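Notes follow the structure.
Bear in mind these aren't lab numbers, they're just calculated from the coordinates by the rules spelled out. Computed from a prediction, not measured in an experiment: that's the story for all the values here. Cβ: placed from backbone, ideal geometry, glycine included. Neighbour counts: every protein chain shown.
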């Protein structure tokens, strides 16, 4: 039985100047790279494949398998693109990882590139996190200086350059094909698949796109083996991962644990729901994963456990909302987010999210009409699954799950404004001073 | 007026029965680049830097996003000349460049302030108090969202989720983190920005300016990566609990727990101290010392700019999540 928390990725976050090469090497950094370079690329891929590592960016696709889809006979250069466009509401794990230990990611990129046969890799970071960009830029420069990047890395004959690339504010660029368009200097809009990026990705060349946490997990897997990795987690969801607790919890923060920990256990570590309050609903992995309630507290937070409850593990971003929170207001804000971030390419998403916002504003204002719940669900049916990418699915998941568990609150929206039903100032983290005009 | 609280989406309820979007732009916040103001500071140096950015990628056009960041750092907005320069360097049309510039929210078509301030009002931050923060900031500055103060010092934006949810509600200045905000802290922050006082990000560097930030995002480092803490207290919480409980990954040496459980406030205070003590070279960078402190965004008046060693970081007096409305 493993311990409840198992710091691996987060282990060095509190170290002195943890972001520097010197500190990272002091904690054993780049030893995994040395080991990987003694193996063949196929052996490295094999270990990652056999470890059972699944993508930590939301979809949970097996990482090693993704690598093995890259055709070996394609004459074009191959590319690795790290998706650091962390923007899914509630998700806040990759940003602190890159801030505290950028070299973990750099080492992961080098090992992964070696395995896939990549000589140019990109780290695409959302633009809104200046200090993270600074730390990554510096880490890549340090690694290059130390001979971990460039030509003939550690006398292995392997060459690699990493480009740190800042985005410019677009949630959709976290979608892997939109990210590729963005990285090609275009508007970030998703591509129709197939062809999949492994065959025709960046510059129509074979491309692997992995989440920051997935790639950062690679060095420890190489250093300590698939069995060690598999000794944590559950049967189909192996290894450790970072869970992020936010919202109405006594002590929000990052918790690195084996996959399969329950929210009840995590909440206990976080001091519980804020004092004097109780859990109303939560997202297991960001706003695109259907919300769950207190009845799901004891489910394992792994890929299967969440799918079994009709939701998704997603990014393990557990946003906790207590009984003071208006579901209608929260749903409206999420859908406003999706409307704002819809790239506009697919009509159901572009138009549908606009109409959803209109309906939800009426529910919030207490001016919805009888039957608007059915209209809204019907609209959701015409958005989800009818667009190129999963943004549309995420936009309706929060609506349908909110209606599923809290229908009466939407029905109240036929008569009563949400802010009268559940006064908003009670949800705030601070006392809302009367002078701010929270209630005019 | 009704009891509609701030942040409740005002656009809707007033025109009940007028659903339809004939009169509303789908992207009201977008629009074309402002061609009426041709002023520019783009010169040969800028061109050289634009060409350098283009050379960093296997295909030059990949540099367009960084190039537009650079244009903003020079002209304070995406200027007509900047569009032309990008098009010229990449050998594409100005329409192609404009198409990209108008897609991404970080590109500003009107001049942003010296300091660009954002308040997160996506669901979780809104619920935790982000709406009140935005209202407070807007009222205190006397400007609305997407506007700049008449003196040009501060512009205000409603931002979407900034990946700092465990620090909610959050703000940002020049894309630096401003964590664990309250209306009081927001007012103090805005006053400091307006008065030109030194301000530190809670998990970042001493604030420079929006233009300087844009230059870093373009790919020209400013040498400030070593400022600030490795992580915020929330980021270290799980690690700290594992240490206290003696938990570790299989095969790792078990930390010797101190047996104290359930006193998370103290643990966080320890984490703050730990981080504060390693925040950088105190002699060279006085600002970096205690920047993980919950108060770190507050004016740095307690420390002189000349490098007085930071005083012992203040112990957090409230637990995260405390101080909520009854």
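The table that follows gives values for the structure above.
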| item | result |
| --- | --- |
| Principal axis dimensions, largest first and in whole angstrom, of segment B:115-218 by Cα | 31, 28, 21 |
| Mean Cβ neighbour count within 10 Å, used as a protection proxy, ranking A:411-418, B:137-144, A:266-273, A:364-371 highest first | A:266-273, A:411-418, A:364-371, B:137-144 |
| Centre separation in Å (Cα based) which lies between segment B:56-128 and segment A:368-399 | 32 Å |
| Between 0 and 90°, nearest 10: helix A:372-381 axis offset from chain A longest Cα axis | 20 degrees |
| Residue A:119-residue A:34 pseudo-label distance in nm [points 7 Å out on the Cα-to-Cβ vector] | 2.7 nm |
| Antiparallel content of DSSP bridges confined to chain A, in %, to 5 | 45 percent |
| Sequence of A:19, A:419, B:247 once ranked by neighbouring C-beta atoms within 10 Å, starting from the fewest | B:247, A:419, A:19 |
| Chain A: mean projected area of Cα convex hull, nm² | 21.3 nm² |
| Cα centroid of segment A:45-79 to Cα centroid of segment B:135-202, whole Å | 41 Å |
| Packing-based exposure ordering (other Cβ within 10 Å, fewest first) of B:207, A:297 | A:297, B:207 |
| Efficiency of FRET from Cβ geometry, residue B:84 and residue A:236, R₀ 51 Å, rounded to 0.05 | 0.40 |
| Using alpha-carbon coordinates, inclination of helix A:130-145 to the longest axis of chain A, degrees | 10 degrees |
| Prolate/oblate/rounded call for segment A:107-200, Cα gyration tensor, a/c under 1.5 rounded | oblate |
| Over segment A:266-388: Rg over Rh, Cα atoms, Kirkwood Rh | 1.00 |
| Average partner coverage of A:417-424, which counts Cβ from other chains inside 10 Å | 4 |
| Helix A:347-365 vs. chain A, principal-axis angle (Cα, 0 to 90°, nearest 10) | 40 degrees |
| Residue-averaged beta-carbon neighbours from other chains (10 angstrom radius) around A:17-30 | 2 |
| At R0 = 30 Å, FRET efficiency that the Cβ-Cβ distance of residue A:154 and residue A:2 yields, to 0.05 | 0.35 |
| Average beta-carbon neighbours from other chains, 10 Å sphere, peptide B:58-64 | 6 |
| Within a Gaussian network of chain A (alpha carbon springs, distance under 10 Å), most fluctuating of A:36, A:141, A:428 | A:428 |
| Kirkwood Rh and Cα Rg combined as Rg/Rh, segment A:314-440 | 0.99 |
| Burial ordering of A:389, A:349, fewest other beta-carbon atoms within 10 Å first | A:389, A:349 |
| Computed [θ] at 222 nm, helices only, for the protein assembly as shown once each DSSP H run of length n ≥ 4 contributes -39500 (n - 2.57) | -11000 deg cm²/dmol |
| Cα convex hull of the protein assembly as shown, projected area averaged across orientations, nm² | 30.0 nm² |
| Ordering of B:102-108, A:24-30 by burial proxy (mean other Cβ atoms within 10 Å per residue, highest first) | B:102-108, A:24-30 |
| Hydrodynamic radius (Kirkwood) for segment B:33-101, which is based on Cα pairs only, to one decimal in Å | 11.7 Å |
